[in-house]
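A.B. asks: Just dropping this structure here.
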Amino acid sequence: MIKRRQLLTGGALGAAGLAAGCECGVPAGLDNIAGAVRPRELKMVTTWPKDFPGLGTMAERTAQFISDLSGGVLTVKLFAAGELVSAFESFDAVSDGAADIYHGAEYYWVGKSPAFAFFTAVPFGMTAVEIMAWTEFGGGQALWDELSAKFNIKPFAAGNTGHQLAGWYKKEINSLEDLRGLKIRMPGLGGEVLRRIGASAVALAGGEIYQALQSGAIDGTEWVGPWNDLAFGFYNEAKYYYWPGFHEPGAQLGVGVNLDVWNSLNTTEQAIIKAACQWANNLSIAEYTANNADYLDLLIEEHGVELRRLPDDVIAAAAKAAKEVLEETAAADELTGRIFESFRASLAQSQAWGRISDEAFMAARRETFSL
Ligand code: CA
């Protein structure tokens, strides 16, 4: 009886002993049964600078969660952008097995397939909660699995920046006319939308933006939101900060696991990785929501930032262009078409429900209540 209780309360030490097949009464070979967590170190590459708030730190937390949930038996060695491979080489590194896991944003892989954009954010697309609904219950994960499997990768959501802002401009934008000819840093499908409404969009990596803004090479830029944007100091070069961020209404971060590595894990080890990703996803939505509000105050009160709403004609033109861009993207190939149709159906449902729930409540609260 006592021996049984000792075994049952063995905890992490018990798991470690089991995993190592040690001389502690556990028959050799038990380390391979489904359910045992076996000592293993996985290499994680990321698209983020080391310790970058919310992005780099969320990759670090995801790695830590895997270790915590496995009682320290499954560990992750993390490499920031440039430490093992460059940011945008992360996908290939995991695909060919040079690394085991990446933490990044799926829209960085649109060169592999344009369909990857739908799993991060597209202009006028889904909020953080809406993309979770599509991924978990709207058929999104199965399609994402199918897409990533073509590249030998198993994907998961593992973070979300929440709503991003439209970005920083050196001069005020009072109409669509004011936007014409301006050179703006906005990557991906959002950049394509800007090009179609008269601006000139460029894609620059995060670390290159400030210099380009300072030298006048660009007239404006988007990055993430108040918390992350303050860290780069854009307010020093461009005082006008525009909302809403039509281009990235809830940018989801992703983890990709090499598919051979994934298939070599037993059900417990797979569950640990999945749980760590979901933990990171939930935590980041809370973290961005809390910090963006604080840092927005700081930007306005300490740094004299002028907050502005994008003019109606800019929003209307961007929405019209976004519909064209998304439909053209969907026509790229059969799988991208199916992913777009699933995304569109889920968004239509979210919009129908949102109209009488979140949207209606927030409008009512704004007009009637404050604490
Ligand atoms: Ca962005």
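The values are calculated or read from the model by the stated rules, or taken from the named source; none is laboratory data. Everything numeric here is computed off the predicted structure, so don't read it as measured data. Cβ placement follows ideal geometry from the backbone for every residue including glycine, while neighbour counts extend to all protein chains displayed. The area values use the complete protein model at the heavy-atom level, side chains included, leaving out ligands, DNA and RNA. Shrake-Rupley method; radii C 1.70, N 1.55, O 1.52, S 1.80 Å.
A.B. asks: For the stretch 307-318: of the residues being touching a residue at least 40 places away in the same chain (Cβ under 8 Å) and of a type outside the set (V, I, T), which is surrounded by the most Cβ atoms within 10 Å (Cβ to Cβ)?
C.D. replies: Restricting attention to the stretch 307-318, the residues satisfying the condition of being touching a residue at least 40 places away in the same chain (Cβ under 8 Å) are 307-311, 313-315, 317-318.
Then drop every residue that is not of a type outside the set (V, I, T), which leaves 307-311, 313, 317-318.
On the way: L307: 13, R308: 16, R309: 12, L310: 20, P311: 18, D313: 14, A317: 17, A318: 24.
Once the filter is applied, the top-ranked residue is A318.
A.B. asks: Go through the stretch 179-191 and report how many residues are away from the ligand (no atom under 13 Å from the Cβ) and of a type in the set (K, R). Step through it out loud before you land on a result.
C.D. replies: We begin by selecting, within the stretch 179-191, every residue away from the ligand (no atom under 13 Å from the Cβ); these are 179-183.
Cutting the leftovers down to of a type in the set (K, R) gives us 180, 183.
Selection size over the stretch 179-191: 2.
A.B. asks: Also, quick follow-up: In this structure, is A321 in contact (Cβ under 8 Å) with a residue 40 or more places away in the chain and either open to solvent by less than 30 Å² (accessible area, probe 1.4 Å) or touching a Leu at 6+ places or on another chain (Cβ under 9 Å) (or both)? Reasoning before the result, please.
C.D. replies: Details: in contact (Cβ under 8 Å) with a residue 40 or more places away in the chain: yes; either open to solvent by less than 30 Å² (accessible area, probe 1.4 Å) or touching a Leu at 6+ places or on another chain (Cβ under 9 Å) (or both): yes.
Here the answer is yes, as A321 does meet what is asked.
A.B. asks: A follow-up question, please. Which is within 16 Å of the ligand (Cβ to nearest atom) and out of contact with any Gly (no Cβ under 7 Å at 6 or more places or on another chain), of G245, G304, G254?
C.D. replies: Working: G304 fails: within 16 Å of the ligand (Cβ to nearest atom); G254 fails: out of contact with any Gly (no Cβ under 7 Å at 6 or more places or on another chain).
Exactly one residue qualifies, and that residue is G245.
A.B. asks: Take the conditions modelled with pLDDT of 95 or more, touching a Gly at 6+ places or on another chain (Cβ under 7 Å), more than 14 Å from A158 (Cβ to Cβ) and open to solvent by less than 40 Å² (accessible area, probe 1.4 Å) and apply them to N292. Does it pass? Can you show your working first?
C.D. replies: Values: modelled with pLDDT of 95 or more: yes; touching a Gly at 6+ places or on another chain (Cβ under 7 Å): yes; more than 14 Å from A158 (Cβ to Cβ): yes; open to solvent by less than 40 Å² (accessible area, probe 1.4 Å): yes.
In short, yes.
A.B. asks: So which residues in the stretch 260-269 are open to solvent by less than 40 Å² (accessible area, probe 1.4 Å) and within 24 Å of W109 (Cβ to Cβ), if there are any at all? So that I can check it myself, show each step before the final result.
C.D. replies: Of all residues in the stretch 260-269, those open to solvent by less than 40 Å² (accessible area, probe 1.4 Å) come to 261-262, 265-266, 269.
Residues satisfying the conditions are V261, W262, L265.
A.B. asks: Identify the residue in the stretch 213-224 that is in contact with a Leu (Cβ under 8 Å, 6 or more places away or on another chain) and either farther than 23 Å from F119 by Cβ or in a strand (DSSP E or B) (or both) and, among all such residues, is farthest from the ligand (Cβ to nearest atom).
C.D. replies: So, considering only residues that are in contact with a Leu (Cβ under 8 Å, 6 or more places away or on another chain) and either farther than 23 Å from F119 by Cβ or in a strand (DSSP E or B) (or both), the one farthest from the ligand (Cβ to nearest atom) is D219.
A.B. asks: Related question: Here's a check for you: in the stretch 132-155, which residue that is open to solvent by less than 10 Å² (accessible area, probe 1.4 Å) and outside any helix (DSSP H, G or I) is nearest to the ligand (Cβ to nearest atom)? So that I can check it myself, show each step before the final result.
C.D. replies: If we filter the stretch 132-155 for residues that are open to solvent by less than 10 Å² (accessible area, probe 1.4 Å), which is where we start, we get 134-135, 140, 144, 147-148, 153, 155.
Then drop every residue that is not outside any helix (DSSP H, G or I), which leaves 153, 155.
Numbers: I153: 23, P155: 20 Å.
Among them, the one singled out is P155.
A.B. asks: Select from the stretch 342-358 the residues that are open to solvent by 90 Å² or more (accessible area, probe 1.4 Å) and either under 17 Å from T120 (Cα atoms) or in contact with a strand residue (DSSP E or B) (Cβ under 7 Å, 6 or more places away or on another chain) (or both) and list them in ascending order.
C.D. replies: Across the stretch 342-358, the qualifying residue is only R344.
A.B. asks: What are the residues in the stretch 111-131 that are open to solvent by less than 40 Å² (accessible area, probe 1.4 Å) and either among the aliphatic types (A, V, I, L, M) or touching a strand residue (DSSP E or B) at 6+ places or on another chain (Cβ under 8 Å) (or both), if any?
C.D. replies: Correct list: A115, A117, F119, T120, A121, V122, M126, A128, I131.
A.B. asks: Which of (1) within 13 Å of the ligand (Cβ to nearest atom); (2) free of Cβ contacts under 8 Å to residues at least 12 places away in the same chain does R195 not meet, given it meets every other one?
C.D. replies: (1)
A.B. asks: Pairs please, first residue from the stretch 165-185 and closer than 22 Å to V122 by Cβ, second anywhere and among the β-branched types (V, I, T) and open to solvent by 40 Å² or more (accessible area, probe 1.4 Å), Cβ atoms under 9 Å, 6+ apart in sequence or on different chains.
C.D. replies: none
A.B. asks: What tally of residues in the stretch 158-178 results from selecting those that are open to solvent by less than 40 Å² (accessible area, probe 1.4 Å), more than 16 Å from the ligand (Cβ to nearest atom) and within 24 Å of L296 (Cα to Cα)? Steps first, please.
C.D. replies: Let us first name the residues in the stretch 158-178 that are open to solvent by less than 40 Å² (accessible area, probe 1.4 Å), namely 158-162, 164-169, 173, 175-176.
Filter once more, so that each one left must be more than 16 Å from the ligand (Cβ to nearest atom): 158, 173, 175-176.
Filter once more, so that each one left must be within 24 Å of L296 (Cα to Cα): 173.
Qualifying residue count for the region: 1.
A.B. asks: Open to solvent by 70 Å² or more (accessible area, probe 1.4 Å) and in contact with a strand residue (DSSP E or B) (Cβ under 7 Å, 6 or more places away or on another chain): does that describe R40? Give the steps one after another, and end with the answer.
C.D. replies: Numbers: open to solvent by 70 Å² or more (accessible area, probe 1.4 Å): yes; in contact with a strand residue (DSSP E or B) (Cβ under 7 Å, 6 or more places away or on another chain): yes.
Answer is yes for this residue.
A.B. asks: While we're looking at this one, here's another question. Can you tell me which condition Y210 does not meet? The list is (1) within 23 Å of the chain's Cα centre (by Cα); (2) in a loop (DSSP other than H, G, I, E, B); (3) farther than 22 Å from F118 by Cα, and all the others hold.
C.D. replies: (2)
A.B. asks: Just give me the residues in the stretch 10-37 being open to solvent by less than 50 Å² (accessible area, probe 1.4 Å) and modelled with pLDDT of 50 or more, in sequence order.
C.D. replies: Hits for the stretch 10-37 are G29, D31, G35, A36, V37.
A.B. asks: A follow-up question, please. Is it the case that I300 is among the β-branched types (V, I, T) and without any contact (Cβ under 8 Å) to a residue 40 or more places away in the chain?
C.D. replies: Details: among the β-branched types (V, I, T): yes; without any contact (Cβ under 8 Å) to a residue 40 or more places away in the chain: yes.
Taking the combined requirement at face value, the residue satisfies it.
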